[in-house]
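S.K.: Have a look at the structure that comes next, please.
The values are calculated or read from the model by the stated rules, or taken from the named source; none is laboratory data. The shown structure was predicted, so the numbers you read here are calculated from the model rather than taken from an experiment. Heads up, the Cβs are rebuilt from the backbone with ideal geometry, glycines too, and the neighbour counts pull from every protein chain shown.
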Amino acid sequence: MLTSPDSETSPAAGTSPSATGPILVPNFDTPPRLISELVVDPSFPKSALGLHVDIGGVTGVITEIVKHSVKLRTPEGQLMSFNAFTLCKLYAPAPRSEPAPPPVEVPAATGEDSEPEEAEQEFLAAPDFTQPLQPMSDLVQRADFPQRAFGAHVDLGGHSGVVVQVVRQSLRILSQEGDLRSYNAAVLRKLHGGPAPK
């Protein structure tokens, strides 16, 4: 879904690709901006049109917005498509002060109101940044991923950090600079699921 070519040529009723149309000559001169900085904009993805961005280690210029599909042209000329909703879900910043998600409702018949239905993995308070970096492409191919990634010092091709918590199918990765981000395990498999390096 993320990198498949999109053959749509005209927007549906009530939607428009962008105010300016597709960008035919992308500008790669500016440093790429992390997509996590852009998805917080209320007008995303339109606000990202024409920008040089970094999406999970893949860099390029967003040349067109078609419905909810973001078209990214790499410096090598490859055109990739990303779903805007998926990008927001994957790269929206996680809250720093409260690692646990909001409490979920439990059936009134149970007396365990203080505990959610599904247990969460404990937040790793003292991540080890001195351990060797492991490419995310190695970890996503393991049968016990994402649980196996807990505590690992990972490299996502443009962002690195220690996996400090795994909540359901979401990995929370803390960089050495203190930047905490959430990544969906299924999307990581799609982005980094190529053959492992020998």
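S.K.: Condition first: in a loop (DSSP other than H, G, I, E, B) and either touching a Gly at 6+ places or on another chain (Cβ under 6 Å) or acidic (Asp, Glu) (or both). Now tell me which residues in the range 154-176 satisfy that. Let's see the steps before the verdict.
M.R.: First, the residues of the range 154-176 that are in a loop (DSSP other than H, G, I, E, B): 156-159, 168-169, 175-176.
Correct list: 156, 157, 158, 175.
S.K.: Restricting attention to the range 166-173, does a residue exist that is of a type outside the set (S, T, N, Q), modelled with pLDDT of 85 or more, at positive phi and out of contact with any helix residue (DSSP H, G or I) (no Cβ under 8 Å at 6 or more places or on another chain)?
M.R.: no
A quick yes/no check of all residues on (1) modelled with pLDDT of 90 or more; (2) out of contact with any Lys or Arg (no Cβ under 6 Å at 6 or more places or on another chain); (3) in a strand (DSSP E or B):
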residue	(1), (2), (3)
12	no, yes, no
17	no, yes, no
25	no, yes, no
37	no, yes, no
54	yes, yes, yes
82	no, yes, yes
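S.K.: Now, a different point. Tell me, please, whether a residue that is surrounded by fewer than 17 Cβ atoms within 10 Å (Cβ to Cβ), over 25 Å from residue 175 (Cα atoms), modelled with pLDDT of 55 or more and touching a Phe, Trp or Tyr at 6+ places or on another chain (Cβ under 7 Å) can be found in the range 61-78.
M.R.: Filtering the range 61-78 down to residues surrounded by fewer than 17 Cβ atoms within 10 Å (Cβ to Cβ) leaves 67-68, 74-78.
Retained after the next criterion (residues that are over 25 Å from residue 175 (Cα atoms)): 67-68, 74-78.
Now restrict to residues that are modelled with pLDDT of 55 or more: 67-68, 74-78.
Those left that are additionally touching a Phe, Trp or Tyr at 6+ places or on another chain (Cβ under 7 Å): 68, 75.
Within the range 61-78, one or more residues are surrounded by fewer than 17 Cβ atoms within 10 Å (Cβ to Cβ), over 25 Å from residue 175 (Cα atoms), modelled with pLDDT of 55 or more and touching a Phe, Trp or Tyr at 6+ places or on another chain (Cβ under 7 Å).
S.K.: Is it the case, given these coordinates, that residue 86 is closer than 19 Å to residue 186 by Cα and either β-branched (Val, Ile, Thr) or assigned by TED's automatic domain parsing to the domain that holds residue 176 (or both)? Reasoning before the result, please.
M.R.: On the way: closer than 19 Å to residue 186 by Cα: yes; either β-branched (Val, Ile, Thr) or assigned by TED's automatic domain parsing to the domain that holds residue 176 (or both): yes.
Yes: the conditions hold for residue 86.
S.K.: Under 6 Å by Cβ, and 6 or more places apart or on different chains, what pairs join a residue from the range 56-76 that is in contact (Cβ under 8 Å) with a residue 12 or more places away in the chain with one that is small (Gly, Ala, Ser) and surrounded by 22 or more Cβ atoms within 10 Å (Cβ to Cβ)?
M.R.: Pairs that qualify, where the first residue is in contact (Cβ under 8 Å) with a residue 12 or more places away in the chain and the partner is small (Gly, Ala, Ser) and surrounded by 22 or more Cβ atoms within 10 Å (Cβ to Cβ), are 62/48; 72/60; 73/60; 74/60.
S.K.: Residues being crowded, with 19+ Cβ neighbours inside 10 Å and either more than 10 Å from the chain's Cα centre (by Cα) or farther than 16 Å from residue 37 by Cβ (or both): count how many of those fall in the range 171-186.
M.R.: 4
S.K.: Can you tell me which of (1) part of a strand (DSSP E or B); (2) in contact (Cβ under 8 Å) with a residue 40 or more places away in the chain; (3) not small (Gly, Ala, Ser) is the one residue 44 doesn't meet?
M.R.: Among (1) part of a strand (DSSP E or B); (2) in contact (Cβ under 8 Å) with a residue 40 or more places away in the chain; (3) not small (Gly, Ala, Ser), residue 44 violates only (1).
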